[in-house]
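Please read the structure below before turning to the comments.
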Amino acid sequence: MVHNEAVEIQSLFQQNVVPSYGRFDVVLSHGSGSQVWDVAGKRYLDFGGGIAVCALGHAPPAITEAMIEQSRKLVHVSNFYYHAPQGRLAQALVQLIGPGKCFFSNSGVEANEGLFKLARKFGHDEGRYEIIATTNSFHGRTLAALAATGQEKVKKGFEPAVPGFRHVPYNDLAAMRAAISPATVAILIEGIQGEGGVTPATPEYLLGLRQLCDEKKLLLLIDSVQCGHFRTGRFQSYQRTLENVPGGEKFLPDGISMAKSLGGGFPMGAFWVRAPYADLLSAGSHGTTFGGSPLACTVALKVLSVIKQEKLADNAREIGAHLKSNLENLARKYPGVIKNVRGLGMMIGIELAPNIPAFAGEGKTPAVRFTNLLHAAGMLAIPAGTQIIRLLPALNLSRNEADEGLRIIGFVVEKLAA
Ligand SMILES: Cc1ncc(COP(=O)(O)O)c(C=O)c1O
């Protein structure tokens, strides 16, 4: 009998792993930079980046070295004690964002939970607790984050929802203003909606929300889990969106959640809170066993130093623009396949045209079918919603790799247009 490792591994999952993910028929073995191989030796160019996580690609040597060195010294200590890596990482993030303080978690959703608790604490004595979020948003999978998320499909079956969240359309300042009630305490948006289909906030929206929050004494919270960490060419996506916009340089939200690229693949999250509110969560009011461990923070500091040393923010901006303009050309050539291309830097959404003939009939969504075709052609990418393909590659993607990815996408699009 032929030994088939892929089948064997898939059957381990089928028998032993909760089937909560719609997994693709891809069984991965190892990676290097923006390349990854399956157990049969097939090579894929990775434009999904583990959903915006692998900022430096797979198995970056600098991170491996930092992990080995730190793990020989101190992997974990309780948050009852001080240690240098957490203090230094908090300082680095504060320097990149603005005056405030940081809390460390283990995931994006926990970072958001921390912001929700911050908002509740802020409004508690006035009986204010409600957070207004946006339709099509995604904030994670815990019960409160599900309630914050503006997509019905992720909430179904888990009712009743945690109270205190309402939704209004994204990029609609008038709708946000109209939704504010005496119970409202905060506004929550993504800097660029990711799962919802790669929709960046407009500069007017960001500046308008800041003004609205000041006027109504609300906290402005930005979920930067996917769009942050230099993906757009600036540390925070709002910094990129507000470049050269009058008043933009002074813009600061009151809270920012981070994760994904923060640890470059090492699971960690964080939130930053602006100085006036930085001590609201006092001793005993919030915590987590693993958050901000010496190992996690050492890795995150190394990710930051490699990004700086190798000028990867500039690379994300330049290669991202190169990808986007070439994809726009492809969309102009094949409007029956690509409806629209949007995004900033290394966060790009390709919206598929409705009614692509090859995708007619029952079955998986066009986004999943397109992704399957990319896999077959040797490339990983991430579907969003039913119609959108997300490109979230490593920030150190080279020009050659970008061009190879464009060739693969072009090949799939041409085939669908034929
Ligand atoms: C914008 C946004 N917020 C929060 C989350 C949740 O992060 P995590 O999966 O690390 O809990 C995600 C995950 O995709 C996200 O994209």
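Descriptive notes on the structure:
- Among Ile389, Ile307, Ile356, residue whose mean-square fluctuation peaks in a GNM of the chain (springs only between Cα atoms under 10 Å): Ile356
- The chain: antiparallel DSSP beta bridges as a percent of all, rounded to 5: 65
- Only Cα pairs under 8 Å and 6+ residues apart enter the sum, and on that basis the relative contact order of the chain stands at 21 percent.
- GNM remark for the chain: springs join alpha carbons under 10 Å apart, and the peak mean-square fluctuation among Pro393, Pro276, Pro203 falls on Pro276.
- Heavy-atom accessible area per residue - the chain, 1.4 Å, Å²: 46
- Helix-only mean residue ellipticity at 222 nm for the chain, each DSSP H run of n ≥ 4 adding -39500 (n - 2.57), per residue, nearest 500: -12000 deg cm²/dmol
- In a fully extended conformation the segment linking His76 and Glu328 would gain 86.0 nm over its present Cα-Cα distance, using 0.36 nm per residue.
- Surface composition of region 268-403: carbon and sulfur atoms hold 52% of the protein heavy-atom accessible area at a 1.4 Å probe.
- Residue order for Trp37, Trp272 - accessible surface, 1.4 angstrom probe, largest first: Trp37, Trp272
- Top of Gly208, Gly405, Gly127 by mean-square fluctuation, Gaussian network on the chain, Cα under 10 Å: Gly127
- Cα long-axis angle, helix 61-73 against the chain (0 to 90 degrees, to the nearest 10): 50
- Area accessible to solvent at Arg342, 1.4 Å probe radius, in Å²: 50
- Ordered by solvent-accessible area of protein heavy atoms (1.4 Å probe), largest first, the residues His124, His83, His76, His139 come out as His124, His76, His83, His139.
The values are calculated or read from the model by the stated rules, or taken from the named source; none is laboratory data. It should be emphasised that the depicted structure is a prediction, and the values quoted were computed from it without experimental measurement. Surface accessibility is based on the protein's heavy atoms, side chains included, excluding ligands, DNA and RNA. Shrake-Rupley method; radii C 1.70, N 1.55, O 1.52, S 1.80 Å.
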